[in-house]
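The values are calculated or read from the model by the stated rules, or taken from the named source; none is laboratory data. Since we're looking at a predicted model, the values are computed, not measured. We place every Cβ from the backbone using ideal geometry, glycine too, and count neighbours over all the protein chains shown.
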Amino acid sequence: MTFLEQKRRALERLRIKGADDEVEGILEKLNSFESFFTTSSCSGRIALICVPEIGAKREAEFFGKWHRSVKIAEVLEALNSAEKGEVWLISQSPILHVSCMGLENAKVLLRIAIESGFKYSGIKAISRGDEKVVVEIMSTERMDVPLGKDGVVFCSESYIDFILSKANFMLERGKRKLKRLYYALQKLE
């Protein structure tokens, strides 16, 4: 399948599934270039998950997922519904996966991403012959905090409030980086 055929399929999936509001403009801009198309994206999130044990991602159950700042009452309400397994509060930076036509285009995008503050960005995959290179755009803002297990919360409400304030700060910081990336892509023409 050619790069342009893959792009057509990816854009159809995006049209059907949609995207977070904060990354919509970035996706539109990236996908307007012939040499790029996006395959997945998230504007950053805070989540409360329950897993049977560390590393059991496929069995994870979300009790709350927010792409915005979160209030402690929302976390406490979600926390009360977790009865079995380990409960974690996670905060994740924005992430975008972009297929690039060739290594040179990938290097250009990678430079823009890093200059916009996405320091964990890198090349995720290179297809045979360097015809398609997948760039992962990601930042450093990430936090995973265990809160309890099997219905027992291990920390105080004030500690959860403190952790949540840090998660909200990281989320907003990631969204500011998205704005920088958007403006940097405007100059790419």
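If you go through the stretch 90-120 and pick out every residue that is within 12 Å of the chain's Cα centre (by Cα) and within 24 Å of Glu189 (Cβ to Cβ), you end up with 4. Could you list, in sequence order, the residues of the stretch 1-25 that are touching a strand residue (DSSP E or B) at 6+ places or on another chain (Cβ under 6 Å) and closer than 15 Å to Ser127 by Cβ? Of everything in the stretch 1-25, those that are touching a strand residue (DSSP E or B) at 6+ places or on another chain (Cβ under 6 Å) and closer than 15 Å to Ser127 by Cβ turn out to be Phe3, Lys7, Ala10. Scanning the stretch 132-157 for residues that are surrounded by 13 or more Cβ atoms within 10 Å (Cβ to Cβ), touching a residue at least 60 places away in the same chain (Cβ under 8 Å) and not small (Gly, Ala, Ser) yields Lys132, Val134, Glu141, Pro146, Leu147, Lys149, Val153. Among the candidates Glu53, Glu74, Glu28, Glu104, the residue that is charged (D, E, K, R), modelled with pLDDT under 90 and surrounded by fewer than 19 Cβ atoms within 10 Å (Cβ to Cβ) is uniquely Glu53. For the stretch 42-74, the set of residues classified as within 20 Å of the chain's Cα centre (by Cα) and either of a type in the set (Phe, Trp, Tyr) or closer than 20 Å to Tyr159 by Cβ (or both) consists of Ile46, Ala47, Leu48, Ile49, Cys50, Phe62, Phe63, Gly64, Trp66, Ser69, Val70, listed by residue number.
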